[in-house]
Amino acid sequence: MSAGNHLFSRAALLGLIGAAALASTSALAQDAVKIGLIVPMTGGQASTGKQIDNAIKLYMQQNGDTVAGKKIEVILKDDAALPDNTKRLAQELIVNDKVNIIAGFGVTPAAFAAAPLATQAKVPEVVMAAGTSIITEKSPYIVRTSFTLPQSSTVIGDWAVKNGIQKVAVLVSDYAPGADALASFKEHFEGGGGKIVEEVKVPLANPDFAPFLQRMKDAKPDAMFVFVPAGQGGNFMKQYVERGLDKSGIKVIGPGDVMDDDLLNNMGDAAVGVVTAHIYSAAHPSQKNKDFVAAYEKAYGTRPGFMAVGGYDGIHLIYEALKKTGGKADGDTLVGAMKGMAWESPRGPISIDPETRDIVQNVYIRKVEKKDGQLYNIEFATFGPIKDPGKLKK
């Protein structure tokens, strides 16, 4: 036997061993559906990751960890909201851990970073947090259960101009969601006859709001439109008070990210009266939400915010899709099952738009009020169901 043949037969044998090993691991893997959960558990966006992780654990405690005969395994990874980390972790989860689904994505750049990998591997990417309109266009495998900034920013723009707010100064975080929030608000506020007197963009990482707040104060607007991502609202309100804006008569309005339930109670009375438009409040009056809030508070000793609901609905979507496919977990089948799905969430009725794979939901106008010594976003008007206005223009 020549050396060449010998080498060939050895390679063939190794190939067979490899194939046999793969077959046995895939037989095992078929009994499990693995979800790679990539969220920020450290850094400035840590509260987002913790809320999503908590909500998924709660849902699985309530609904069991087996669906359609498959065991659900969640592999948690902390990307600290840094897109380079997100990409590396998504790659490791898909290649090494052989996950069926990647989920989470605390900020838009993270969702973007994973999108090409989802497309290549045909793995669904369930976005539970990030809110820029175009995210779902970055891969046919992306499905979103959080929100888009145009959903809430258009609603607050219309509301402001109808409620006697004529001059507004704008402060937004300088990244894609901030640009979305600003453009959507501006179109509706100016379209209704309002005037924007100042526009300020602050850095996403560790922003110091003080110098910008001084500019806002000097512009003497009726209100300030503010978008900062979940987790930064507390810091913003602290500096708002330190600069005396709470005494200046300048109201805070915006999408609800700045008044996140997660941080609201620590903001103090300066937050009372702040009006925002958002997709969820812990004070949402439905029975489904009361049960959710009670279970979450019992499990974690803290109130759920809108990020928790994005996670809770994200895992619900995965469970229901698996029920529909009878446990088939390839990307095309799962995403197909998710399109058009509708259910009652703690935030109200929601559905997945079959064309855009984006969330359709109500937006509520809320005002911060004190109830039993605690601050809550109390809803007083409902708009919806709203598809993402960012996509309707296309």
Which residue, of 258, 228, is touching an Asp or Glu at 6+ places or on another chain (Cβ under 7 Å) and crowded, with 24+ Cβ neighbours inside 10 Å? 228
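Okay, residues lined up against (1) within 24 Å of the chain's Cα centre (by Cα); (2) of a type in the set (Gly, Ala, Ser):
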| position | (1), (2) |
| --- | --- |
| 165 | no, no |
| 170 | yes, no |
| 189 | no, no |
| 205 | yes, yes |
| 213 | no, no |
| 241 | no, no |
Scanning the stretch 265-287 for residues that are outside any loop (DSSP other than H, G, I, E, B), in contact with a Gly (Cβ under 8 Å, 6 or more places away or on another chain) and closer than 19 Å to residue 156 by Cβ gives 267, 276, 277, 278
If you take the residues in the stretch 375-394 that are part of a strand (DSSP E or B) and over 24 Å from residue 273 (Cα atoms), which one is most open to solvent (accessible area, probe 1.4 Å)? 385
Qualifying position, being open to solvent by 70 Å² or more (accessible area, probe 1.4 Å), at pLDDT 95 or above and either of a type in the set (Val, Ile, Thr) or over 30 Å from residue 326 (Cβ atoms) (or both), among 88, 10: 88
Hey, among 219, 205, 169, which residue is open to solvent by 10 Å² or more (accessible area, probe 1.4 Å) and either more than 23 Å from residue 147 (Cβ to Cβ) or touching a Phe, Trp or Tyr at 6+ places or on another chain (Cβ under 6 Å) (or both)? 219
Given the structure, is residue 196 out of contact with any Cys (no Cβ under 6 Å at 6 or more places or on another chain), within 25 Å of residue 215 (Cα to Cα) and open to solvent by less than 10 Å² (accessible area, probe 1.4 Å)? no
List every residue pair whose Cβ atoms lie under 7 Å apart, where the two residues are 6 or more positions apart in sequence or sit on different chains, the first residue falls within the stretch 368-389 and is in contact (Cβ under 8 Å) with a residue 60 or more places away in the chain, and the second residue, located anywhere, is of a type in the set (Ser, Thr, Tyr) and open to solvent by 30 Å² or more (accessible area, probe 1.4 Å). 369/376; 388/356
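So that you can scan it fast, the table gives a plain yes or no per residue for (1) over 30 Å from residue 320 (Cβ atoms); (2) at pLDDT below 95; (3) touching a helix residue (DSSP H, G or I) at 6+ places or on another chain (Cβ under 8 Å); (4) open to solvent by 50 Å² or more (accessible area, probe 1.4 Å):
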| site | (1), (2), (3), (4) |
| --- | --- |
| 337 | no, no, yes, no |
| 340 | no, no, no, no |
| 344 | no, no, yes, yes |
| 349 | no, no, no, yes |
| 362 | no, no, no, no |
| 373 | yes, yes, no, yes |
Do we have any residue at all in the stretch 35-45 that's open to solvent by 20 Å² or more (accessible area, probe 1.4 Å) and assigned to a helix (DSSP H, G or I)? no
Number of the exception - residue 310 against (1) surrounded by fewer than 20 Cβ atoms within 10 Å (Cβ to Cβ); (2) assigned to a helix (DSSP H, G or I); (3) among the small types (Gly, Ala, Ser): (1)
Count - residues of the stretch 96-105 that are more than 18 Å from residue 332 (Cα to Cα) and either open to solvent by less than 10 Å² (accessible area, probe 1.4 Å) or at pLDDT below 95 (or both): 2
Evaluate the following for residue 75: is it assigned to a helix (DSSP H, G or I), within 23 Å of residue 94 (Cα to Cα), open to solvent by less than 70 Å² (accessible area, probe 1.4 Å) and modelled with pLDDT of 95 or more? no
Matching residues in the stretch 333-349 - criterion: being touching a Pro at 6+ places or on another chain (Cβ under 9 Å) and not in a loop (DSSP other than H, G, I, E, B): 334, 335, 338, 342, 343, 348, 349
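Here's the yes/no breakdown for (1) in a loop (DSSP other than H, G, I, E, B); (2) over 20 Å from residue 313 (Cβ atoms); (3) open to solvent by 10 Å² or more (accessible area, probe 1.4 Å):
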{"residue": "80", "(1), (2), (3)": "yes, yes, yes"}
{"residue": "94", "(1), (2), (3)": "no, yes, yes"}
{"residue": "120", "(1), (2), (3)": "no, yes, yes"}
{"residue": "146", "(1), (2), (3)": "yes, no, no"}
{"residue": "150", "(1), (2), (3)": "no, no, no"}
Let me confirm something: among 298, 323, 290, 328, which residue is open to solvent by 50 Å² or more (accessible area, probe 1.4 Å), farther than 22 Å from residue 146 by Cα and part of a helix (DSSP H, G or I)? 298
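The values are calculated or read from the model by the stated rules, or taken from the named source; none is laboratory data. Please read these numbers as outputs of a predicted model, since none were measured by experiment. Neighbour counts are summed over all protein chains in view; Cβ atoms, including those assigned to glycine, are modelled from backbone coordinates with ideal geometry. With ligands, DNA and RNA removed, areas are computed over all heavy atoms of the protein, side chains included. Shrake-Rupley method; radii C 1.70, N 1.55, O 1.52, S 1.80 Å.
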